[in-house]
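Reading through the C-alpha cells given below for one structure.
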Amino acid sequence: MPQPIHQEHMHRNVKEWAAKVRQGDVRAISRAITAIENHAPEAEELLREVFPATGQAYLTGITGAPGTGKSTLVDRLAAYYRKRDERVGVVAVDPTSPYSGGAILGDRIRMQGHAGDSGIFIRSMATRGFLGGLARATAEVALLLDAAGKRQVLIETVGVGQDEIDIVRLADCVVVVLVPGLGDDIQSMKAGLMEIGDIFVLNKADREGADRLEEQLHAMLSLVMPHDGWHPPVMRTVATENRGIAELAETIEKFRKHFEASGERQKKHVEHWKNRLVEMVESRLLEKVLGGKEGEAKLRELATEVAERKKDPFTAVSEILKGSGVDR
C-alpha cells in the first residue's frame, strides 16, 4: 500500500537530514538533538537512519562532586584531542532550571575557546529531574555525535548528589574527579563511586591537602577488586594551568587498549544494549498503556483511589493493563 504523500515527504526530509548529520553539519546536529530532547516523532526515524554509521566513537564519562573543576577538565581534554586533529563531541549534563526546564549552565558560557572550531560540538543538556545525573536522552545524543563522526565523546555528569552510577552503563571509560579540601575528603564519597571509577583524577592538585587525599584514595582503592587486571590509577591535574592533561589522555587511551584487548569493551556494549532495549520496551509499553489524555486522567483517578485506600495498588495496575489490552 503506497504511503500518503506527506509521509513520503517527511521520510525524504529525514533521509536528507540524516545525511547532513553524518557529514557533521552543525545545524543538522543541533536540530537533531533538540528533536531527541523533545521526543519529536521524527527523532526515532532519524536515529534509525544514522545508526549504521555508529559504533566508532569512544565515550569517556567525567563525574564527581560540584566544585571539582570537571568543566575545565573536559575543556582541556577536548583541546588536547583537537590538537591531535581528533573530532570531539561534548555532552554536558546540567541541573535543570526549576523555572524554564532548561539547563542552568548553557553551552553559551561554557568552553568559549572552541567557538568557530567545526571539529568540536558542545551541547548542554538539562536533567529535567531525571535521577542518575544523566539526561534521559544522553545515550541517544551520544549515538548521534558518533554518527556525526565525533571519535572522542566526553560526557560530563551533573554531580549534584544524585546517584552517578548510571554513567558506568553508558561510558567506555569512567573518570572520577576529586579535589583536596572539599567536604570530608574520601569519607564523603559514596562506595559505589569508588567501584565505578576506571581512572581517578585529583584535580587542583596544587592545593594544600593533595598528598593526604591521594594517600586516602590509594588506601581505599586497595580494597576494591581490580577489574580484569586493571588497577584504577590516580592522576594529578591542575586543569586551569593545563597540567596533567596529556598524561590523563594517555591513561584513557591505555585503558581503552587494555579493555579492547581483553574483550571487556564488547561485553560492556552488549550489556548496555540489553539494558537500553529493556528501557525502550518499557517506554513503548507505557506509551501504549498510558498514552493520551484519557490514559493520564485514568491514572490520576486510580492514584487518588489508592491514596485514599479505596483500592489497592495491585488491583489498580490490573485495571490499567486490562484497559490497554496488554493483559490479555
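The values are calculated or read from the model by the stated rules, or taken from the named source; none is laboratory data. Here the structure is a predicted model, which means the values were calculated and not measured. Please note: Cβ atoms are built from the backbone with ideal geometry, for glycine as well, and neighbour counts cover all protein chains shown.
For this structure, a couple of remarks:
- Of E49, E37, E42, all but one fail to be surrounded by 15 or more Cβ atoms within 10 Å (Cβ to Cβ), in contact (Cβ under 8 Å) with a residue 60 or more places away in the chain and of a type in the set (D, E); the exception is E37.
- Applying the condition of being over 12 Å from V177 (Cα atoms) and among the acidic types (D, E) to the range 198-213 and asking which residue is nearest to the chain's Cα centre (by Cα) yields D206.
- Residue that is among the acidic types (D, E), surrounded by 12 or more Cβ atoms within 10 Å (Cβ to Cβ) and not assigned by TED's automatic domain parsing to the domain that holds V141, where the choices are E294, E287: E287
- All positions within the range 58-87 that are farther than 19 Å from D117 by Cα, touching a Gly at 6+ places or on another chain (Cβ under 7 Å) and surrounded by fewer than 24 Cβ atoms within 10 Å (Cβ to Cβ): A65, P66
- Where a residue in the range 253-279 is over 13 Å from D228 (Cα atoms) and its partner, wherever it lies, is among the small types (G, A, S) and assigned to a helix (DSSP H, G or I), with Cβ under 9 Å and at least six apart: H272/A139; R276/A139; E279/A139
- The range 278-328: number of residues that are farther than 24 Å from A40 by Cα, aliphatic (A, V, I, L, M) and part of a helix (DSSP H, G or I): 8
- Test: K254 is of a type outside the set (F, W, Y), part of a helix (DSSP H, G or I) and not assigned by TED's automatic domain parsing to the domain that holds L47: yes
- Considering residues of the range 218-247 that are aliphatic (A, V, I, L, M) and touching a Leu at 6+ places or on another chain (Cβ under 8 Å) only, the residue surrounded by the most Cβ atoms within 10 Å (Cβ to Cβ): A239
- Close pairs from the range 65-81: first among the β-branched types (V, I, T), partner part of a helix (DSSP H, G or I), Cβ under 8 Å, at least 6 apart: T72/A239; T72/T240
- Unmet requirement for A246, which otherwise passes all of (1) within 18 Å of G64 (Cα to Cα); (2) in a helix (DSSP H, G or I): (1)
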